[in-house]
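The values are calculated or read from the model by the stated rules, or taken from the named source; none is laboratory data. Everything numeric in this text was worked out from a predicted model, so none of it was measured. FYI the Cβ positions are ideal-geometry reconstructions off the backbone, even for glycines, and counts take in every protein chain you see.
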Amino acid sequence: MIRSEWFFWLVGAVFLIMAAQMAGDRTNPKRHGSAAFWGLLGVAFVYSSWVADGSAPAEPLGVAVLVMICLGGFGFTGKGVPRTTDDRERTELAARWGNRLFVPALTIPLVAVVCSVLVAKWSIGGEPVLEDGSETILGLGIGALIALGVGMWVLRERSPSVPVHAGRSLLESMGWALLLPQLLAVLGAIFQTAGVGTQVGRITEEVLPDGQRLAAVALYCVGMAVFTIIMGNAFAAFPVMTAAVGWPVLLVQMDGSPAGVMAVGMLAGFCGTLVTPMAANFNLVPAALLELKDQYGPIKAQAPTAAAMLGCNIAIIYFFAF
Amino acid sequence: MVVLLGVVVVVLGFATRRNPLLVVGVAGIATGLLGELSPAEILRAFGDGFASSRSVTIFAITLPVIGLLERNGLQQQARTLIGKLGGLTTGRFLMLYLALRQLTAAFGLQSIGGPAQSVRPMIAPMAEAAAERRNGGRPLPEPVREKVRSHSSGADTVGLFFGEDCFLAIGSILLITGFVNSTYDTHLEPLSLALWAVPTAVCAFLVHGARLLRLDGTLERELAAYEAAHGTGNGAGHAARDAARISLTKDAATRTGTDTGRGADRASGTTGEGAE
């Protein structure tokens, strides 16, 4: 069985190799800080395997995370000057390779889809080929590896250090933003443990007007969106808002359609995800990957759609779910 | 009520554009302390949270192959390809991608797109190339380029969010059935939830698709305004930009005078460092 942990180790190993390269990169004015940050991230990725299955204490990992926060947050990371091709060379290379360049790029999604749809159903000797519940992650990882092989073959690139170096310069230009999605997941968990959800539910119950259907629907949807903006994740908002408004008021008191209210309510939460920096993997990571000056660029592009869709979702529940 | 102060820390931190890592770190510690967790429990929360959320960082494994393809001209080829399709404007192209993303996600193929897999290597360069053609083949001024890239990412995310819930076996549908069926002792079918997601998906395509079509007009106006303010793009503005680039990076000095922008971007440091 191919386990997801193997891929986390592989990602950790990639971070460690890149960190070792960074430590020796004299074009990077902050090479020691960068190497420390990415090296620590690599170690944390591997060590996490034992934290996840409960066989190692989580406290040292917590300390490592706080150290990474300080390294990234106080500006100890930087980037070197990549040894790469310039625009003129790239245009010439593009003319030489032509559309063959798309083959490896399209291999990643293709393999990912094949893994999650087909390979996920395979099993050898009663044991699934891919670890249960990790098909998507494994598909992405296997897809990236196969695509790398295909890419090196198509582009007749023999040296593995070339893609590693190219990947490292992408990593350096993204910087610490890469760590942010994981940290926000941590914050969401701490909010939950500390009882932020219960408080928000209590406040929502207090402002709930009695017996007005439109107001109750709007409160449920807006509540989902606002709570998602705070937590960065509609999944965290759903149980709280459903317990506070959705179930007792919209379903029990006003007799709505359970499937309609719940499904569309969740989508109202997604409107919040579109506009919150807390959902870093959807909003801030793309900004970093696309090397935008304004890290809120994607949020600004999505905000009007999010507002309109919130209105649509309220209308859909109000008109069709009762 | 006092635990909500952690939320206030986050809102203030993001609003005043402090370094997001520090904002999240401080908010996490503060909320933990206010929620009466011990320091050891807070450390454990950070550690456990990191360990269980590693899957969101696994896209880093795609970076070597993307980097290899980019240094061999992937983005330039994406531009060439889109340049051959005459009628395809930025807005129309992104609308097509939105439709494709929604449909594939609705059939359970969420991993077909994403910022690392499709937007950076293919979608954003293609959208930029379509805009450059409207600009007479000249590179885009920075604010316009940022807008095009932001919308490339936006189309990907909106398409995913309002497509995936039409699929039965997606996390959010399973969360709803799991939570409702166990908490309230009732029975909800994933299929009926997925069907209820269809009207919203259609609305999302109409709303965001219309916005993307209108984007073409907006880009044209902004390009015209930029031309008016900075000359025709071959004159003073161009020289000033070239000069600025040389001051930003050593290797820019070795570049040729052709202005395609992207290489300079990378050197000028945008994401984390640039945002502070």
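Observations on the structure shown:
- Against the test of being in contact with a helix residue (DSSP H, G or I) (Cβ under 9 Å, 6 or more places away or on another chain), buried (at least 24 other Cβ atoms within 10 Å of the Cβ) and at pLDDT 90 or above, the options A:Phe227, A:Phe270 yield a single qualifying residue, A:Phe270.
- Set B:Ile61, B:Ile29, B:Ile66: member being within 13 Å of A:Leu183 (Cβ to Cβ) and either touching a helix residue (DSSP H, G or I) at 6+ places or on another chain (Cβ under 6 Å) or without any contact (Cβ under 8 Å) to a residue 60 or more places away in the chain (or both): B:Ile29
Each row is one residue, and each column tells you yes or no for (1) of a type outside the set (Asp, Glu); (2) within 11 Å of chain B (Cβ to nearest Cβ).
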site	(1), (2)
A:Glu206	no, no
A:Ala218	yes, no
A:Phe235	yes, yes
A:Ala243	yes, yes
A:Asp255	no, no
A:Ala268	yes, yes
A:Met278	yes, yes
A:Val285	yes, yes
A:Ala288	yes, yes
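- Among the residues of this structure, A:Thr198 counts as one that is within 11 Å of another protein chain (Cβ to nearest Cβ) and surrounded by fewer than 24 Cβ atoms within 10 Å (Cβ to Cβ).
- Test: residue in region B:50-70 that is farther than 30 Å from A:Met152 by Cα and polar (S, T, N, Q): yes
- Pairs, first within 13 Å of A:Gly143 (Cα to Cα) in region A:112-126, second in a strand (DSSP E or B), C-beta under 6 Å, six or more apart: A:Val119/A:Leu130
- Across region A:296-308, a minimum of one residue is classified as within 7 Å of chain B (Cβ to nearest Cβ), touching a Leu at 6+ places or on another chain (Cβ under 6 Å) and surrounded by 24 or more Cβ atoms within 10 Å (Cβ to Cβ).
- A:Trp176 falls short of the stated requirement of being closer than 25 Å to A:Thr85 by Cβ, assigned to a helix (DSSP H, G or I) and either of a type in the set (A, V, I, L, M, F, W, C) or over 22 Å from the mean Cα position of the chain (by Cα) (or both).
- B:Ile42 crowded, with 22+ Cβ neighbours inside 10 Å and within 22 Å of A:Thr136 (Cβ to Cβ): no
- Looking only at region A:151-173, residues that are facing another protein chain (nearest Cβ under 7 Å) and under 14 Å from A:Met18 (Cα atoms) come to 9 in all.
- Residue match in region B:72-91 (condition: charged (D, E, K, R), outside the structural domain of B:Arg211 (by TED's automatic domain parsing) and either assigned to a helix (DSSP H, G or I) or within 25 Å of A:Met174 (Cβ to Cβ) (or both)): no
- Residue count for region A:71-88 under the criterion of being in a helix (DSSP H, G or I), within 8 Å of chain B (Cβ to nearest Cβ) and either surrounded by fewer than 18 Cβ atoms within 10 Å (Cβ to Cβ) or not acidic (Asp, Glu) (or both): the result is 3.
- Residues of region A:275-319 satisfying the condition of being of a type in the set (Phe, Trp, Tyr) and touching a Ser or Thr at 6+ places or on another chain (Cβ under 8 Å): A:Phe282
- Hits in region B:178-198 - residues which are surrounded by 19 or more Cβ atoms within 10 Å (Cβ to Cβ) and under 30 Å from the mean Cα position of the chain (by Cα): B:Leu193, B:Ala194, B:Trp196, B:Ala197
- Members of region A:185-200 found to be part of a helix (DSSP H, G or I) and in contact with a Gly (Cβ under 9 Å, 6 or more places away or on another chain), listed by number: A:Ala185, A:Val186, A:Leu187, A:Gly188, A:Ala189, A:Ile190, A:Phe191, A:Thr193, A:Ala194, A:Val196, A:Val200
- Leading residue by the ranking (modelled with the lowest pLDDT) among those in region B:63-100 that are among the polar types (S, T, N, Q) and under 18 Å from the mean Cα position of the chain (by Cα): B:Gln75
- Answer from B:Ala127, B:Ala60 - the residue that is touching a Lys or Arg at 6+ places or on another chain (Cβ under 8 Å) and either outside the structural domain of B:Arg214 (by TED's automatic domain parsing) or modelled with pLDDT of 85 or more (or both): B:Ala127
- Answer from B:Ala116, B:Ala105 - the residue that is at pLDDT below 90 and farther than 27 Å from B:Ala210 by Cβ: B:Ala116
- Close pairs from region A:254-272: first more than 12 Å from A:Phe238 (Cβ to Cβ) and in the same structural domain as A:Pro298 (by TED's automatic domain parsing), partner surrounded by fewer than 23 Cβ atoms within 10 Å (Cβ to Cβ) and of a type in the set (Ser, Thr, Tyr), Cβ under 8 Å, at least 6 apart: A:Pro258/B:Thr186; A:Ala259/B:Ser192
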